[in-house]
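A short reminder: the numbers here are calculations on the coordinates, not readings from a lab. Model, not experiment: these values are computed from the prediction. Counting neighbours? That spans all protein chains shown, and the Cβs are built from the backbone with ideal geometry, glycine included.
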Amino acid sequence: MNMKLQLSLAALAAAALIAACGGGDKGTSPPPVDDQPLAYVTPSRLCEPGPGDKPEPGVNGHIPKSAMYDATTNPDGFQGYSCGVRKVAQHTLYNRGAFGDLQIKSDGKTRCAYASNRDGAAGGDAALTSGIIVFDMKTPTRMQVVPASGDTTVVGTAPSASVPATSTNKWGEETTAAVPINPYGKILRTPAALEAYSGFELAGNIMVAGYKDNKMVDVYDVSDCLRPVPLNASYQSSGGHHDGWITPDGKTWYGVPFGTTAKDGGAKLVTGGTSPTDKNWANYTINTNRVDLHVTSFDDPKNPRLLLSWNRSMLPDEVKNNENWRIMAATNIHDVSTNPDGTRIYLAVYGGGGQVAGNLPTPTTTFWNDQTCANGLLIMDSTDIVKRVANPKLKYVSFLSWCDQQPNPEFEQGGYTRMTSTSATHATEWVRHVNGKEYIVSTDESYALTTSDTNGLPNQCKQQSFGRMIDISDEKNPKIVGTYEQDANKASVCPTLVAQGGNVPMVHYLNFDDRNHMRVAIYASASGGIRFADWTDPTSPKEIAYYVKERHTPAKMDFTRPDPRYDTENCLYYTGWNQGGLVSIELTNPQYNPCMGRRAQVDGNVVTALGELKVALSASRGAKGPTATLNVEGQGNTVQLTSVTRIGSAIDADGSQITATKNSVQIDGEGTFNGQPAKFRVQVMDNGGNNGVFSLTCTEGCTFSTTGYLKSGGTLAVSQKS
């Protein structure tokens, strides 16, 4: 039996090849593969739509009310926008409607995702769908919740002799005779995991969940990522966990409480004063019991230990009394991150006010309560924490207020006499740029400009939402060098946005393609969707892609909340949506998706269950695009592919013979099977030493499928274009 498959990823090359080969004759040499390196091309300031995209129809970042759900005029609801990106997979998380945060982890051939399903839906913490859902992601296009099992050391499992069938075990998982296991699968339901929000982090094999705005902390061992094991679920820190950070070595936990709740001490740091205009700090009462930041040691993760509780009253007097900054008036600290060795922490001072943060300044606002210029980046020396000295201190390095640098009058026109945006600083995260320098990337919370419908400041064009690039080469004098600014922030478009109504974004949460070699920042912009910015030039970001999820129900828009996570092996970004659940996407521009530059070569006999196949494959992406040839002889069929729809990571690998790892590639194409239209998937996995697996599957129009291992003496390799 003979089968010959000829494949060219470019349609014209395919036609020429078929003509040269007489439509399927044996013995024809494949054409040379275009293997020139890809040169970087500076993109436009805004994403340029390509095939299959659904771009924004108007102002960049704006969703007009006419595009949203209306029972009469638009009963099908918002259809979503996308540019430079495609959706790979989705799990609705049981339609709970409240996403917390997410983490991903790969362990050899095993890949896991952890999605926090928290408050905001019927049942609250008591609902069996509340907690951290454990996903098996071995096949990226199929998000599979790990089944609950009989392992009694893992939350959400069957009772045993040590966990009676009618009791609540020590980890807080209630089991009964009627419901011996969680019917929804493996959902971590330790006390803090029930409400894990932005204080949900992972470093190495340690995963930490901080209860949102509460003191509970849970610590897990995720050495086996499919079977997280609780190490401690009884520790309580000195403050809540609206946000949190675990150092890269997994040994230190920083938690950030939120707001002015009495749980963490006094309501405000500034609580007194002799008159509304008094500028003498000595006349104000400082509540030193309040917690702005707390630090915990995980040197022994089974026995966490509080190292430090800190608030702004511990700053030097010249910082606290700075009349321009008024840092003591800020609502709270919102975010914390560290440099790789943990010797510096970077704090987001949540000043401003605005639609989300509240406390908009007015003509009668007392001097110390005007938070506008309290927004900014606070850098502290945390060497004492790293060295574990007795009674450690955080030492002041510098503070950068957003008022310290001249604003862009087109974007950051403010509207108040102090001339800065009223949005509150949301995140401040360390990166090492591709140019080798260290920066802090910041984001804002509160919606941009205005919206005449919901989620904004009607008829007021006084608020912007930015992402900033801050050069910390001189850490005592940090400097904003670049600003990510969507057009919905412009003063000139305000009349249009007010007239059209709808929604505008905030920059909000963020992550990176590679924190230690950063080029792209990814912003989870609330109802504005996921936005990708190319920061190759730190002074001039370019928005290269966006994905705004559809919403078919009446209430507002779907809302993406947590820091996106990046699977470097498969070039996939995982995002969370309040209504949409867990969603994965991939960029469609090979300049930003290195998996699209993978190369594959197979030459030899492949042993399958139905006999041997003679295979010759060469696939690559060069400067002119993808090029490939594939010749297969055996099993009595003929397949021809005339076009290719995708080259990239093996997102459809079943995880048995071929896994979705950096040493595998997938090629999807269209053509014919025995003269009839069909679609095909080719997958190759390189196990090293010319050992590996070749797979060919007909995905539409036929049922042909074959998979096998390369026989000794052949060549099989998968590599990555540099």
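Subtracting the Cα-Cα distance of Q676 and L610 from their residue separation scaled by 0.36 nm leaves 21.5 nm. State whether region 461-573 is rounded, prolate or oblate according to the following rule on the C-alpha gyration tensor (a ≥ b ≥ c being the square roots of its eigenvalues): a/c under 1.5 gives rounded; otherwise a/b larger than b/c gives prolate, and the remaining case gives oblate. Oblate, because a/c is 1.5 or more while a/b does not exceed b/c.
Once the C-beta distance of S223 and T703 is scaled by a Förster radius of 60 Å, the resulting FRET efficiency is 0.90 to the nearest 0.05.
For region 591-687, the relative contact order is 22 percent, taking Cα pairs closer than 8 Å that sit 6 or more residues apart in sequence and dividing their mean separation by the residue count. Per-residue packing, averaged as other Cβ atoms within 10 Å, sorts the ranges 597-610, 201-214 into the order 201-214, 597-610, beginning with the highest.
A full extension of the chain between D537 and D603 corresponds to an added length of 19.5 nm, given 0.36 nm per residue minus the alpha carbon distance.
Report the FRET efficiency, 1/(1 + (r/R0)^6), for T141 and A39, where r is their Cβ-Cβ distance and R0 is 30 Å, rounded to 0.05. Let's see the in-between values first.
Numbers: r = 31 Å, r/R0 = 1.04.
It comes to 0.45.
With both labels modelled 7 Å from their Cα along Cα-to-Cβ, the D125 to L306 distance reads 1.9 nm. Per-peptide packing, taken as the mean over residues of other Cβ atoms within 10 Å, places 479-489, 519-529 in the sequence 519-529, 479-489 from highest down.
Among 654-665, 701-712, the peptide with the highest mean count of other Cβ atoms within 10 Å heads the list, and the full ranking is 654-665, 701-712.
With the Cα gyration tensor of region 33-109 giving a ≥ b ≥ c as the square roots of its eigenvalues, does the rule (a/c under 1.5 for rounded; else a/b larger than b/c for prolate; else oblate) give rounded, prolate or oblate? It is oblate, given that a/c is not under 1.5 and a/b is not larger than b/c. Sites listed here are trypsin sites (Lys or Arg not before Pro) in region 607-647 whose DSSP assignment is loop and whose Cβ has at most 13 other Cβ atoms within 10 Å: K624. Before anything else, pin down the relative contact order of region 661-701: Cα pairs under 8 Å, at least 6 apart, normalised by residue count, whole percent. RCO, region 661-701: 36 percent. Between T271 and N324, what FRET efficiency comes out of the Förster formula 1/(1 + (r/R0)^6) with R0 = 22 Å and r the beta carbon distance, rounded to 0.05? Computed FRET efficiency for N324 and T271 comes out at 0.50.
For K393, the lysines whose Cα falls under 18 Å of its own Cα, not counting residues fewer than eight places away in the same chain, are K251, K320.
Length gain on complete extension for the stretch A623 to H552, per 0.36 nm per residue less the alpha carbon to alpha carbon distance?
21.5 nm
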